[in-house]
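S.K.: Could you have a look at this structure, given as structure tokens, before my questions?
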Amino acid sequence: MSFLSRLFGSSQKEEPKKTVSPILPGEIYKTAKLQLQDILAPAAVEINSKFVKIAGKTSKTFFIMSYPRFLTDGWLAPIINLDKVFDVGIHIQPIATDKILNEFKKKVAEVQSQISIRESKGLVRDPILDTAYRDLEQLRDALQQAQEKIFSVGLYFTIYAEDEDELFKTENEIRSLLESKLIYAKPALFQQMEGFLSVAPLAKDRLEVYTKLNTGPVSSFFPFISSELTDDKGILYGINRHNSGLIIFDRYSLPNYNSVIFATSGAGKSYATKLEILRTMMFETEVIVIDPEREYEYLAEAVGGRYFNISLSSEHHINPFDVPKPLDDEDPADVLRTHTIHLVGLFRILLGGLTPEEDSVIDRAITETYALKDITPQTDYSRIQPPLMSDFEMVLSSMEGSESLLTRLTKYTHGTWAGFINKPSNVDINKKLVVFSIRDMEDELKPAAMYIITQFIWNAVRKNIKKRLLVVDEAWWMMKSDDTASFLFMIAKRGRKYYLGLATITQDVGDFIKSRYGVPIITNSSMQILLKQSPSAIDDLQKIFRLTDEEKFLLIESGLGEGIFFAGLKHVAIKVVASYTEDQIITSDPAQVLAIKKSKQELRSSGGETAFVN
């Protein structure tokens with residue numbers, strides 16, 4: 001009678017004079033176990049001489065048959081870190097030292113005999129035999145002194161793919177990596193099922209393809225190597241969550257100096273950025289920040305920087321018609337032409353788009369506006385007085401087909417927004433830290449404001465080359481328009497020439513990567529920091545950064561200031577940490593900010609001096 005019949009009773013008529021044995025608890029457990037195995041097992045398995053098909057996936061197993069004379073530490077790490085689906089099985093079995101010494105004795109005698117025969121025949125020395133003899137003698141001495149042990153090692157790979165073509169490509173990629181290290185593999189022909197079971201987590205080796213290795217080479221098989229990002233120069237970015245090491249890095253040691261930070265709201269992206277600003281300033285780096293939420297004001301005050309609040313009622317103004325001074329190796333005509341193109345892009349943002357005809361009219365009006373002020377490619381740009389928006393309006397009014405443009409332009413010259421850009425520039429960025437805040441600017445004008453500010457900064461950067469960092473917080477505002485996004489991309493591409501690093505920060509990943517300049521900005525950033533992510537954005541990031549599923553879930557489950565730090569080809573899990581003093585200066589926590597403001601007010605009312613400003 002079956003277990004099920006014994007457990008639940010049989011529907012068949014019981015035979016007389018037979019008793020039912022009691023069911024033991026262990027048997028009930030085994031019954032459940034068998035049923036679970038039936039549920040988990042695939043419906044069918046196709047076993048071929050070259051592969052195995054299970055549940056719609058094609059798998060192939062191959063084994064390592066030959067190793068070089070020396071194995072370096074971590075040689076398996078590049079294969080383990082491949083963005084492919086495969087399993088690795090390592091079977092290590094120790095061999096008794098007395099047994100292996102007897103084999104060594106015979107082998108040493110054999111090699112020594114071959115050397116003696118060659119000498120007696122007067123043949124030239126064989127370096128292979130000499131090397132083998134020395135290696136055997138050294139290893140035998142180490143075994144006798146218990147400094148080494150010998151192991152039988154089997155290394156197997158099982159790769160998975162949707163079809164045989166994909167399987168072939170993956171196998172070639174892995175075998176090429178192995179052969180570059182003089183390690184050779186062969187497929188387990190007619191033993192694919194045995195190979196599959198040998199790699200499966202059953203601790204059973206069905207292939208039994210062994211190579212005898214001593215302790216040193218065997219230790220190099222350890223595949224789990226945590227990346228290190230500790231340099232002898234740079235700043236502290238945080239703690240390596242893999243091994244509690246320090247992540248010390250210099251962004252200016254990379255091919256370009258750009259970075260991107262993606263994080264959900266409240267994950268600590270601005271906190272991490274302010275911490276980097278505070279620390280990088282200690283290495284004679286000037287920092288310029290475009291701040292959309294007024295988060296960097298206290299930091300600017302604390303370090304003696306400058307803070308400019310750009311708004312319609314602000315006393316700080318930037319004239320977009322300011323012409324950058326050409327460098328020694330630049331043609332003034334090219335500089336003026338490029339600046340005109342940037343101005344056309346600005347009008348495209350301000351006026352809500354331009355038709356091809358309007359684009360042509362605007363371009364011609366800009367040229368004539370500069371000519372009105374005697375600004376030509378032959379002019380000395382250091383002594384000019386640039387035109388204003390009202391000058392441009394005057395020129396435009398005399399041109400045919402400009403009626404619609406003038407109607408839309410009026411609000412920037414005589415209307416509510418006239419104070420924004422129709423005045424001469426009075427902004428000086430000659431400080432270690434300069435912050436431009438656009439929090440009080442209307443949302444409709446924020447993209448234009450960010451465009452004007454970045455263009456002003458770019459002109460200042462080109463004029464005087466220094467080690468600088470430009471931080472653009474909430475960069476998704478600039479990605480809303482192709483003109484602002486393309487200008488940001490231009491800075492990312494050309495910044496290195498002027499010793500400028502661009503730090504792009506955003507929480508709205510969707511808007512950022514929807515722009516055709518979003519992914520190029522990411523690929524032109526040698527450093528990336530991904531902090532806690534929302535489930536709605538993680539799939540897009542996984543595709544762009546080629547994250548594994550484990551890294552994907554790590555970002556979803558990360559705490560405040562935790563994530564993944566990418567620098568070049570390396571990446572590690574990071575936790576951003578700050579000292580108490582740093583925290584008091586850079587905190588964005590509303591409760592802490594209110595407490596600090598209250599203490600400042602109390603100190604002022606009592607006639608005392610503030611010990612710090614935040």
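S.K.: With r as the distance between the Cβ atoms of PHE283 and LYS431 and R0 = 25 Å, compute the FRET efficiency 1/(1 + (r/R0)^6) and round to 0.05.
M.R.: For LYS431 and PHE283, the calculated efficiency is 0.95.
S.K.: Roughly what angle does helix 127-144 make with the longest principal axis of the chain, taking Cα atoms, 0 to 90 degrees, to the nearest 10?
M.R.: With both axes taken from Cα atoms, the answer is about 80 degrees.
S.K.: Sticking with this one: Using alpha carbons only, how many degrees (0 to 90, rounded to 10) separate the axis of helix 269-280 from the longest principal axis of the chain?
M.R.: Roughly 80 degrees between the two axes.
S.K.: Taking the highest mean first, how do the peptides 435-447, 243-255 order by number of other beta carbon atoms within 10 angstrom per residue?
M.R.: For the peptides 435-447, 243-255, the packing ranking is 435-447, 243-255.
S.K.: Another one. Explain nothing, just compute: Karplus ³J(HN,Hα) = 6.51 cos²θ - 1.76 cosθ + 1.60, θ = phi - 60°, for every residue of the range 335-350 in order, whole Hz, x for Gly and Pro.
M.R.: 5, 5, 5, 5, 5, 5, 4, 5, 5, 4, x, 5, 5, 5, 6, 5
S.K.: As a test of the formula, what do you get for the chain when each DSSP H run with n ≥ 4 contributes -39,500 (n - 2.57) and the sum is divided by the residue count, at 222 nm and rounded to the nearest 500 deg cm²/dmol?
M.R.: Calculated mean residue ellipticity at 222 nm is -13000 deg cm²/dmol.
S.K.: On a full-extension model of 0.36 nm per residue, what is the gain between ASP540 and GLU582, subtracting their alpha-carbon distance, rounded to one decimal in nm?
M.R.: The span from ASP540 to GLU582 would gain 11.8 nm if fully extended.
S.K.: Mind listing the phi-derived Karplus ³J(HN,Hα) values for the range 460-472, rounded to whole Hz, using 6.51, -1.76 and 1.60 with θ = phi - 60°, and x for any glycine or proline?
M.R.: 5, 5, 5, 5, 9, 6, 9, 6, 9, 10, 9, 9, 10
S.K.: Quick one: order GLU164, GLU46 by neighbouring beta-carbon count within 10 Å, fewest to most.
M.R.: Ranked by crowding around the Cβ, least crowded first: GLU46, GLU164.
S.K.: Let me ask something else. Assuming R0 = 25 Å, can you tell me the calculated FRET efficiency for the pair ILE95 and ARG118, based on Cβ-Cβ distance, to the nearest 0.05?
M.R.: 0.25
S.K.: Between GLU403 and SER599, what length comes free when the chain is fully extended (0.36 nm per residue of separation minus the Cα-Cα distance, one decimal in nm)?
M.R.: 64.9 nm
S.K.: Highest mean first, how do 498-510, 150-162, 537-549 rank when packing is the count of other Cβ atoms within 10 Å averaged over residues?
M.R.: Ranked from most to least packed, the peptides come out as 498-510, 150-162, 537-549.
S.K.: Return the long-range amide H neighbours of ASP291 (sequence gap of 5 or more, or a different chain), with a cut-off of under 5 Å between placed amide H atoms.
M.R.: Those qualifying (amide H under 5 Å, at least 5 residues apart or on another chain) are PHE436, SER437, ILE438.
S.K.: Spelling out what I want: for every residue of the range 306-323, take phi, set θ = phi - 60°, compute 6.51 cos²θ - 1.76 cosθ + 1.60 (Karplus), and round to whole Hz; glycine and proline get x.
M.R.: Working through the residues one at a time gives 10, 10, 10, 9, 8, 7, 5, 9, 6, 8, 9, 9, 10, 8, x, 8, 4, 9 Hz.
S.K.: Spin-label point model (7 Å from Cα, Cβ direction): what's the SER220 to ASP83 distance in nm?
M.R.: Output for this residue pair reads 2.9 nm.
S.K.: Further question on the same structure: If amide hydrogens are placed 1.01 Å from N in the peptide plane, which non-local residues have theirs closer than 5 Å to the one on VAL260?
M.R.: For VAL260, the qualifying residues are THR504, MET527, GLN528, ILE529.
S.K.: Full extension from LYS107 to PHE553: what is 0.36 nm times the residue separation minus their Cα-Cα distance, to one decimal in nm?
M.R.: 155.2 nm
S.K.: Using a 7 Å offset from the Cα along the Cα-to-Cβ direction at both ILE384 and LEU40, what is the distance between the two label points in nm, to one decimal?
M.R.: The two pseudo-label positions are separated by 7.6 nm.
S.K.: Calculate the FRET efficiency for ASP363 and GLN145 from the Cβ-Cβ distance with a Förster distance of 51 Å, rounded to the nearest 0.05.
M.R.: Computed FRET efficiency for ASP363 and GLN145 comes out at 0.05.
S.K.: Okay, next question. Please work out the C-alpha center-to-center distance from the range 528-598 to the range 428-464 and express it in whole Å.
M.R.: The range 528-598 and the range 428-464 have Cα centres spaced 26 Å from each other.
S.K.: Same structure, new question: Return the distance in nm (one decimal) between the two label points of a simple spin-label model at MET490 and SER265, each offset 7 Å from Cα along Cα→Cβ.
M.R.: In this crude spin-label approximation the distance works out to 3.3 nm.
S.K.: Here's a follow-up. P(r) tail for the range 55-219, what percent of Cα pairs lie past 24 Å?
M.R.: 47
Bear in mind that the values in this text are calculations on the coordinates, not laboratory data. The model shown is predicted, which means the values in this text are computed figures rather than measured ones. All Cβ positions, even for glycine, are placed from backbone atoms using ideal geometry, and neighbour counts span all protein chains on display.
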